[in-house]
Amino acid sequence: MKVQRKRTGTAAQRVLTAEIAVVGALALALLVTELPSIMREMKIWRIAGGLRAGHRYP
């Protein structure tokens, strides 16, 4: 006698879910590696005056 298994999704849905997970992990890794340079740029921006600098720096 054959046992019926509950299907959680089609193969295409599982592949799509795996692809989304991989892309998300890569995006997170890129953000983590770029975080120090982003922080450095924010410090430079604040030293230059930030939003208050107005038209002084193009």
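Key figures
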{"quantity": "Single residue of 9, 24 found to be open to solvent by less than 80 Å² (accessible area, probe 1.4 Å) and not in a loop (DSSP other than H, G, I, E, B)", "calculated": "24"}
{"quantity": "Failed criterion for residue 3 (all others in (1) assigned to a helix (DSSP H, G or I); (2) open to solvent by 100 Å² or more (accessible area, probe 1.4 Å); (3) not basic (Lys, Arg) hold)", "calculated": "(1)"}
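The values are calculated or read from the model by the stated rules, or taken from the named source; none is laboratory data. All figures in this text were calculated on a predicted structure; none of them were measured in a lab. Ligands, DNA and RNA are stripped out before the accessible areas are found, and what is left, the full protein with its side chains, is counted by its heavy atoms. Shrake-Rupley method; radii C 1.70, N 1.55, O 1.52, S 1.80 Å.
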